[in-house]
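Worksheet for the structure shown next.
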Amino acid sequence: MDSESQDNARRISAYAVEGNANPGLLIDLFERSVVSIEAAYRDLNHTLGWRFLTSPKVTLALNTGIGLITLNPGGDREVKEHPRASCESGSSYLEEAWPGSKRGQAPLQRQIQTMLGALANHIGDTSPLSRFMNERVLSAQFVPFRSPNFKALPQRKASIAFAQSLWRDVLAHWQPRLLITMDNQTNASLRSILAAQPGMRVTQHEKFPTGWGDYQAEVVCLSRADLSRNITLARLPHLSRFTLFGRPASEAPMHRLLSYLADGLIQR
């Protein structure tokens, strides 16, 4: 094997995540999470539906190294074709038709597809985008409960507290190498959850220009003595409002950001 092939193999191995838990535990974790979401949905008197994973449930696995966690499902009604617990037909960013757009063609869907496709390229993954997104990226909602906007979320304080408890349990068992967020609430909560794990500490904190005025992306790296690699937590401006991918002024800044994130994914 030549040096280039070895480098590509090393990059593709970035998805492997160390852990001594039984992989079956994550099946239990998925089911336990769904039960707790259903109970909280009733107890907090939510009425507009909920969503947990927006990827297939097989992505909640020890060997899934990338997570995309967004704030909460938006909208004023539940679409019956959009499943609650997980998206077994494929990532919602690929397979779903969102209001006013064809399947996979809503602006946010296209931004996510472009971002993850570019990230795959940076780590040397040449598989089809659908395979990358459906097998190697866990996507999910931080707060599972739907609302027209986050300020309108009923029982917002209690709902955030539930979400923090939910993800504290998830991240106690699933340790990705990269978590991508697009809002301050999710980012701050995940950082707090990770930093509170025994022995975890922040080792790097970087900010990156986006090519969109003064808006920046933020990246924090955390490390724990019993893990052989960092966990990278990134926050981008929300891609539904800031179309950073495919925008000429943001091309070079996004290339630098994704290159940095890809470096964190590579097993050292």
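For the chain, what does the helix formula give at 222 nm: sum of -39500 (n - 2.57) over DSSP H segments with n ≥ 4, over the residue count, nearest 500 deg cm²/dmol?
On the way: 8 runs with 105 residues, N = 268.
So the calculated ellipticity at 222 nm is -12500 deg cm²/dmol.
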Once phi is turned into ³J(HN,Hα) by the Karplus curve 6.51 cos²θ - 1.76 cosθ + 1.60 with θ = phi - 60°, what whole-Hz value does each residue of the stretch 83-88 show in order, with x for glycine and proline?
x, 7, 6, 6, 10, 6
Nearest-5 percent of antiparallel DSSP beta bridges in the chain?
55
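Taken together, the values in this text are just the output of simple stated rules run on the coordinates, not laboratory data. Please read all numbers here as calculations on a predicted model, not as lab measurements.
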